[in-house]
Every structure is written in structure tokens, then in C-alpha cells.
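In what follows, a single structure is set out as C-alpha cells and then discussed.
Each reported figure results from applying straightforward, stated rules to the coordinates on display, with no laboratory input. Note that the structure is a prediction, hence the values are computed from the model and not measured. Here the Cβ positions follow ideal geometry from the backbone for every residue, glycine too, while neighbour counts run over all protein chains shown.
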Amino acid sequence: MPTARVNGIDIWYELSDGAGPALVLTHGFAGPTSGWPAIIDEFRARFRLLLYDVRGHGLSDAPEDEAAYSVPRFAADLAGLLDALGIERIHVGGVSMGGMISAQFACDHSERLRSLLLCDTTAGNHPESGTASAAGERVLSDAFCRQEQIVRAGGIEDLVPRENRYRREGDPYAARSSQSLDEQDARNKRKPQMITPHAYVAVSRALRERPDLTSRTPAIRTPTLVSCGEWDAFYPCAERDHRLIANSRLATVRGAAHSTPDYQPQRWKRAVFEFIDDVETGRDIRGEVEYG
């Protein structure tokens, strides 16, 4: 089991031997490397793909101290992992929480970037501002507060059936995923093996209290892909982040809600592959595109 000692903890990772450029993808909250959909195998074959479990998730260490968890710390862990593997520059991306970590990494370690990929995520955190993007950030903050209360009171085993019930009764898009509702339920039932209750609470707090990067993202000069599902609550955030990062491409994935790899894996793959191909060949990546 490959691990690297980074910032005082062991980080689990895997590095494929694909023939293409180096790409690191960071997973979403409570969804470590084992939770990536099957499409990730095509990434393993196409790129020198680095996947890893964020601290508190999967096979990486989960410190007991809640203060050991923050988005800047997660970004520092990624930088330390790259150091341990001898990787200087790399295409850096992630989905949802992974995109938040990638945005923080871009602000803190811009010299390490070959390109930046922000998928179904937000670089901001000002849910009280009254803007369209703030509404998406408020959805995230409110949901994490409710979920944390449930986990504190009854553990992840209490959270899972509630999430599965909501998916069937309250989520207008869940049935449109590439996975059936039964498959989504089954995956969610594995959550207690993916993250411990104390790590769940600590990471939830870290995401709610993450830095608002909207004053820093305009300084990003690296080619950036901002991709988002058209039904995602984060879509206004994606539009804002695209406006703030001048050298960026906004990719709208039709027929997708939050987590486009689950809803439209082939469209998400195409958006990423075409973007990295354009970066590698020196083409202008700016503009807006749609997949669907």
C-alpha cells in the first residue's frame, strides 16, 4: 500500500503509468479514491494520474484533533505529496471539495501548476452576500451544518439512511444519474468505511470555514478549466470564477447536477481531455463551451 509521510501524517496515493502528462485529481467530501466512478480508469490510461485520499478519508491518516483539518492544510498536504514523489509541476484538479482544495493550491502554490481544473465547485465562501453565487454557497453551508448535527448525535450510520431517503424523495435530479438509485444507495452505505465520524465532523467544519479566495483568484494566470453541471447549485459560482480568472474556459455539462463524473462521465471526460490537450499544445483555452 503506497503511502507518503506528509506534514506528520501518512497519505495514501496511487500513481498510474499512463503515457500522457501528469495530472492529479482530488476527490470530493467523504468520497475517497475508491469512490471515483469507473470512468477514472480511462484517466489512468491517458495520463500519469495521481490519486490520493485527503487526510481524514479512506486509507490516509485521520488525526483526532479537529484543528488539524483546514482547506489550506489540505492544499499543503498535496504540495508535500508532490514533493515526496519528486513532481515539480502538474495539471491540478478536483471535484467539489477537491476543487476547493485545487483552488487553494493554485493560490498558495501557483508555481507548481501546469493547469488548473475546478469541477463542480466554488472558489468563494461568502454565503451572506446576497448574490446568485452566494445562494449555492449557502446550500453547501446549511447542508453541512445539518449533516454534522446528525453525525454528532447518531454517527454516520444514522446519516446514511437519511441521505438515501432524501435522494429518493427530495432530490429532483438523482434519478437522472448514470447510476441507478439502488447503486447510489449501495455506494452511500459504504460511507462508514470511507470516513470516521470525527473526521467527518472536522472536514465538514473545514469546508464551511474555508477561506474565500475570490480576492486571490484574479491573480491566477495558469490555464484554468471551470466545469460544472447545468443543474448544480454551484453553477453561478462557476460562472463567477470563470469571470474572475481571465485565462479560463467555462465548460457547461448538460444533463448533470452536482458531480458531473457521476451524471455524465463521458461528457466530463471529454471536457477534461480536450482542455488538457489544448494546454499541452499551446492553444488558447479561453471562452465558453457546452457538452451535451
Only four residue types carry charge here, +1 at the Cβ of Lys and Arg and -1 at the Cβ of Asp and Glu. Report the dipole size of the range 3-291 about the Cα centre in Debye, rounded to the nearest 20. 260
Expressed in nm to one decimal, what extension gain is obtained for the pair K189 and I39 from 0.36 nm per residue of sequence separation less their Cα-Cα distance? 51.9 nm
Compare the peptides 132-143, 280-291 by average per-residue count of other Cβ atoms within 10 angstrom and give them in order, highest first. 132-143, 280-291
Between M1 and D108, what is the label-to-label distance in nm when each label sits 7 Å out along the Cα-to-Cβ direction? 2.5
Based on the alpha-carbon gyration tensor of the range 3-291 and its eigenvalue square roots a ≥ b ≥ c, which shape applies: rounded if a/c is under 1.5, prolate if not and a/b is larger than b/c, or oblate? rounded
Which whole-number percent is the relative contact order of the chain (Cα, under 8 Å, 6+ apart)? 19
Please order Y235, Y173, Y166 by the number of other Cβ within 10 Å, starting at the fewest. Y166, Y173, Y235
Given the options D278, D61, D262, which has the most mean-square fluctuation in a GNM of the chain, springs set between C-alpha atoms less than 10 angstrom apart? D278
Cβ-derived FRET efficiency at R0 22 Å, L181 paired with C145, nearest 0.05: 0.30
Amide H contacts under 5 Å for T26, restricted to residues at least 5 apart in sequence or on another chain and with H modeled in the peptide plane, are G93, G94, V95
Which value in deg cm²/dmol, rounded to the nearest 500, describes the helix-derived mean residue ellipticity at 222 nm for the chain, given -39,500 (n - 2.57) per DSSP H run of n ≥ 4 and division by the residue count? -13500 deg cm²/dmol
Residues in the range 112-148 reached by a label modelled at E66 [backbone nitrogen below 15 Å; 7 Å Cα→Cβ]: 144-148
